[in-house]
């Protein structure tokens, strides 16, 4: 049975062992020497150099002893390099220092972002409130309950009332979109202006990495790549801390120390980022599919 690597399609990160079953490549239309001629300028990582050494060993053997798995991984690596070169003419948006948020083009866009951000906060608040209630009367769960109710208190601090926004918001025109999405119970969560600014910063950073260029480079792993970039952003986390610089920890009914407060901030930051990314990821998929559909339609029209 021929070994199949689960990560086929990624850059080379696997080298087959000598005792794996080997396949005759005499009839293969691609010559190993042809691939070898493509590799020198592409060798960057240790794994790639290791593959180069492995390929040299294969070239010294007879064709029937060549390892099919290694050959397929080399093909994946070369294909990845070719795709990356093909997309190099697409301007990398990470070079643009002042990206606009995808929602900041008009008042309706800002209203939609305010609605999405409020939904993320409401979902996070409900999540931690449920955990806190479920563990309130259980033994040895005091730290868990304290942690959850502190997070709920922090999330409450990020919200405000619709009446206050109508009176003092700098984005009053965007409130019409939020009002339009309200139900009869007026149950949508309204957020402060500085919280809206924070989510605009998240979205600006997101579109720096979540674009067609990065999709061609990272493939299906592009979403994990974007999430890691946002979660590791020191600037965004600092901005999140600034939102809570006037939050009074002593006003809570739970005993809080500095370590617990910082741990809660980090967990809340990650939770809000990932909740926002779920919405943005779905929209990116839809936009990408629509874009590819338009490109295919134009190609068909030219063919006709």
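Taking the condition more than 20 Å from residue 283 (Cα to Cα) and either outside any loop (DSSP other than H, G, I, E, B) or touching a residue at least 40 places away in the same chain (Cβ under 8 Å) (or both), does residue 177 pass? No; evaluated as a whole, the condition is false for this residue.
The condition (being surrounded by fewer than 12 Cβ atoms within 10 Å (Cβ to Cβ), in the same structural domain as residue 281 (by TED's automatic domain parsing) and not in a helix (DSSP H, G or I)) is satisfied by just one residue among 143, 170: 170.
Out of 199, 215, 253, I need the residue that is more than 21 Å from residue 110 (Cβ to Cβ), modelled with pLDDT of 85 or more and assigned by TED's automatic domain parsing to the domain that holds residue 160. Which one? Result: 215 is the single residue among 199, 215, 253 that is more than 21 Å from residue 110 (Cβ to Cβ), modelled with pLDDT of 85 or more and assigned by TED's automatic domain parsing to the domain that holds residue 160.
Determine whether residue 240 is under 20 Å from the mean Cα position of the chain (by Cα), assigned by TED's automatic domain parsing to the domain that holds residue 153, within 21 Å of residue 127 (Cβ to Cβ) and not in a loop (DSSP other than H, G, I, E, B).
Here the answer is yes, as residue 240 does meet what is asked.
The listed residues are 260, 265, 274, and the only one of them that is modelled with pLDDT of 80 or more, surrounded by 14 or more Cβ atoms within 10 Å (Cβ to Cβ) and under 16 Å from residue 210 (Cα atoms) turns out to be 274.
The values are calculated or read from the model by the stated rules, or taken from the named source; none is laboratory data. Given the structure is predicted, the values throughout are model-derived calculations rather than measurements. Cβ coordinates were reconstructed from backbone atoms using ideal geometry, including for glycine residues, and neighbour counts include every protein chain displayed.
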